[in-house]
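What follows is a single structure, written as structure tokens, with notes after it.
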Amino acid sequence: MIPKPKAISGKDVAAPIPCPDVTIVVPTYMERRNIETLIERLQVVLVGVNWEVIFVDDSSPDGTAAIAKELGQFDARIRCIRRIGRRGLAGACIEGVLASQARYICVMDADLQHDENLIPQMLNVLQRNECDLIIASRYMTDEPIAGLTGRREHLSRFATLLSRRFLHITLSDPLSGFFAMRRDMFDDIAAKLSPDGFKLLLNIVLVEGPHLNIIEIPFGFRARHHGESKLDTRATLDFCALLLSQATANIIPQRFLLFFAVGLSGIAVHFLMLKLLMIGDSNFIYAQGAAAAVAIVSNFWLNNNLTYRDQKLSGIDALRGFALFVLICSFGFVSNISISDWIFVGDKAWWLAGFAGAVVSAVWNYSVSAALVWRR
């Protein structure tokens, strides 16, 4: 019920404007050429609906946010949140929904591959209280998907299969980026959702799935007109880490798994470098030191570009961060040796001693690096 305006000192005040019925949340990165077209399509299909669109842009260098804000000067239904120093599809969607006051929210991509004609249908289903969450599914039929190339379709279907088998999800498309739900229900679970990763829907289903009445409807996934897909190697690693994290009931954080994977790659780099340096009968101590230095550089670079890419350091900050990272890893190395030696002396199980030392070192490096290097 909208409160009536009250007079102040005998003067009339402006009547309140009701909030939108639905907010369309659109995460963006490098989507400058798609913004205007998407808005035009929304204006056509949402005639008679009180709506707004919130673009959440991760500070795109192509000026996506500037275009959205410019269009918003002529239409108050167009809003834009520009995020600085933060990246990630899931986190962008969460911030956009939390900025809404509408009764219903709809999340979709800006690349024009999602069919905006479904939004009124999704809204009607929610308004009739037929479900709590409605998902536009790409996989309710076995037909080829127009918007995915052969390789990307195989990867997408395989990831969906892993989600369903590994996490015991029955939905046909738990990785869809096109869905709608009641905003108050999202608010209730927002604190439980992870801003890491790129598939918010999967996180919602895992957190609250048993308590949600979910409906899936089919849609044709269109071909992309402009820009590039965000499904890259980093997104794939995020997804794998998310699966493993969810398999442990989030006891092991998704970001720690990425950090640990980078650490394992550092071991491989270390031994490869050591082998190459020892080919010429080099002094072992010098070779070992050089190999360790290369491994640390590799670990820092990979963590900065993969594990903490949403907080990526550059310029002088990268140099400062690298120096701190080396110092932290030095303490981690000492703790590794100390713990390993203590367990080995008492137990004589070298594999147990080595594993325990590696885990303690990894936890130390991750915790302290997050707090000091990437300031998480």
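Go through C93, C106 for me and flag whichever is assigned to a strand (DSSP E or B), modelled with pLDDT of 90 or more and open to solvent by less than 30 Å² (accessible area, probe 1.4 Å).
Values: C93 fails: assigned to a strand (DSSP E or B).
None of the others qualify; the one that does is C106.
Hey, can you tell me all the residues within the stretch 53-76 that are over 15 Å from L89 (Cα atoms) and surrounded by fewer than 21 Cβ atoms within 10 Å (Cβ to Cβ)?
P61, D62, G63, A66, K69, E70, L71, G72, Q73, F74, D75, A76
Check the stretch 190-202 and report whether any residue there is surrounded by fewer than 17 Cβ atoms within 10 Å (Cβ to Cβ) and charged (D, E, K, R).
Yes; the residues of the stretch 190-202 include at least one that is surrounded by fewer than 17 Cβ atoms within 10 Å (Cβ to Cβ) and charged (D, E, K, R).
The values are calculated or read from the model by the stated rules, or taken from the named source; none is laboratory data. Because the structure is a prediction, the values reported are computed rather than measured. In this analysis, Cβ positions are derived from the backbone assuming ideal geometry, glycine residues included, and neighbour counts consider all displayed protein chains. When the accessible area is computed, the model is the full protein with side chains, heavy atoms only, and any ligands, DNA or RNA have been set aside. Shrake-Rupley method; radii C 1.70, N 1.55, O 1.52, S 1.80 Å.
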